[in-house]
Amino acid sequence: MPHDVSIIATFAVGFVLAFVFAWIATRLRLPPLVGYLVAGVVIGRFAADMVATAQIAGQLADIGVILLMFGVGLHFSIADLMAVRRIVVVGAVVQIAIATALGIGLAKVWGWSVGAGLILGLCLSVASTVVVLKGVEERNEMATANGRVSIGWLVVEDLTMVMVLVLLPALAEALGGKVPGGSGEHGLLVSLGLTLVKVAAFGAIVLVLGPRVLPWILRQVARTGSRELFTLAVLALSLGIAFGSAELFGVSFALGAFFAGVVLNESDLSHKAAANSLPLQDAFAVLFFVSVGMLFDPSILWREPLMVAAVLGFILVAKALNATAIVMAMGFPLSTATYVAASIAQIGEFSFILAGLGIGYALLPPEGLSLLLAGSIISITVNQLAFAARGALTGGALARPGLKAALEDSRAPAFALLEQDLENARIAAEAKAAAHRTLSPEELVEHFPMFAGLTPEQREVVLLHLLPHTAQPGERIIRRGDEADAAYFISSGEVEVSVAGKRIHLGAGSFFGEMALISGGTRSADVTALDYCKFLKLTTDDFAEILRRYPGLREEIVRQADERARMNREQEAAKPPPAR
Ligand code: CMP
């Protein structure tokens, strides 16, 4: 019997077509996302029997969602969000509320239930993080106030959607849906309360234990020096936490993965974790979009053109006007309001996740997903046009002096305040990054020529072991006779070694604290900082490990330690005997 290759076929067909269509999309100056969705549509229409069952494709897509959410968590920054909180927190929540109410109204017109309307409204209210991030990046507006506000707005939308995903299972029955397995015996309030308690318990455990345990695990793994093992650890942690949280606490995969990302975000190793998981995130995110595309039924375009038009009008016009009005109502200038509006005038991944869940709970009719997909593909495709329209409309309005004074100039102080907040956040982030910053492999050699004999990969391994450490002027870093716990490499500043009645100054590029580690004895001298110093520290075990691994380095360090010991002995011998 030929063995089943359906999963392999799913991967192969999915990736090949996604690549082809994404390439075409890119040539047409469209986001690759459009290509992935179209590839899914094509597979669904013409190659459905080649790929695995929808169930397997769905599970692969779930992995995509988990990794996507992990990525969102990994990049989520409280400080960034706080800087734009004045505008985005209230703004995004009000925008979602109004859009959801409109969605319920639209559903009523179509004869759908309130539950279906709620899901539809929520799906239509949330924009695609991937598209907004890419757009802001491509327009080179990552550092501008408008760009940052759009991203902050998206983050609040994402967080709201995470809450919705968590609460939906508890609310589904009350909204007229069916929960597989049924939560029937509990009342609505009880199951809602239970869900909130579970989420709070889960959040508390992750946020209290996580920052202690996860970075520790990653650091231990980093010390093995194996890049493979590190990538595996990141993957195991994100998928493990996501799956474990779903099994133990009943919270969604997405939330678990998001929290795993948030927790790792705080660790020094987060950039490495992000870099290592990125290729997998990308790959599975592609499968996610392809599998969403597979569910699309293109006939909706000619069967229900009015419904499609209504959805598009909602996304491109109603949502944009709504956002513009809200941002203006908060006292910000027209140009900011229309920027946010154009940024969020599309729908994406969260809409699909939520729609899938809604269909699973029999809340949303299946054609709802096709409508949302049609809306998404078209709105993402025309997103650049939305920005062109924004330019024309804003430019037109601001060409009139009266309008310009009322809509833009009089609102400048609010905008200036926002820019000030952003600037403060940037300065704080820079200071934090500088304190945590470890060097690049090239900089390591620049600072410490003794590492020049290592390959770039080996330097990277060394860097993983080095811990940043600072000292104030006058601070005693090492005390003679103490047990040894680390060796120090000076990246800036100067220290004084006092030994055998002599004072020796060591500056950037030198190291100290190695003698006791090598001899296994106690500290041979006092070492004191002379000014503000920055060090890279190697703890006892790491020091032994690095020296074992790189014999050339060992030779150099042992040679210097021997030299210092010899000098000290001679010095000691030359000292006049203590007076009696
Ligand atoms: P350790 O004995 O672990 O702690 C004190 C450190 O001072 C020692 O390692 C050396 O790194 C440093 N040290 C001791 N003697 C000298 C010296 N003669 N010249 C430079 N550094 C020294």
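Throughout, read-outs are computed from the coordinates displayed, never taken from laboratory work. What you see is a predicted model; the values in this text were computed from it and never measured. As a convention, Cβ positions derive from the backbone with ideal geometry for all residues, glycine included, and neighbour counts pool all protein chains shown.
Laid out as a table, the results:
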| item | result |
| --- | --- |
| Helix-only mean residue ellipticity at 222 nm for the chain, each DSSP H run of n ≥ 4 adding -39500 (n - 2.57), per residue, nearest 500 | -23000 deg cm²/dmol |
| Coil-residue GluC sites (Glu not before Pro) of the stretch 64-142, DSSP, other Cβ within 10 Å capped at 14 | none |
| Within the chain: Cβ-based charge dipole about Cα centre, in debye rounded to nearest 20 (Lys, Arg +1; Asp, Glu -1) | 640 debye |
| Rounded to 10°, Cα long-axis angle of helix 32-46 versus longest principal axis of the chain | 50 degrees |
| Sparsely packed trypsin sites (Lys or Arg not before Pro) within the stretch 82-189, loop by DSSP, other Cβ within 10 Å at most 16 | R139, K178 |
| Cross-link pairs K134/K404; K134/K198; K108/K178; K108/K198; K134/K319 - those with Cα-Cα distance over 25 Å | K134/K404; K134/K198; K108/K198 |
| Ordering of 545-552, 215-222, 513-520, 374-381 by packing [mean C-beta count within 10 Å, highest first] | 374-381, 513-520, 215-222, 545-552 |
| Cα long-axis angle, helix 383-398 against the chain (0 to 90 degrees, to the nearest 10) | 80 degrees |
| Net charge of neighbours whose Cβ lies under 14 Å from the Cβ of I347, counting Lys and Arg as +1 and Asp and Glu as -1 | -2 |
| Protection proxy ranking, peptides 296-304, 59-67, average beta carbon neighbours within 10 Å, highest first | 59-67, 296-304 |
| Cα long-axis angle, helix 6-27 against the chain (0 to 90 degrees, to the nearest 10) | 90 degrees |
| E138-A309 pseudo-label distance in nm [points 7 Å out on the Cα-to-Cβ vector] | 2.8 nm |
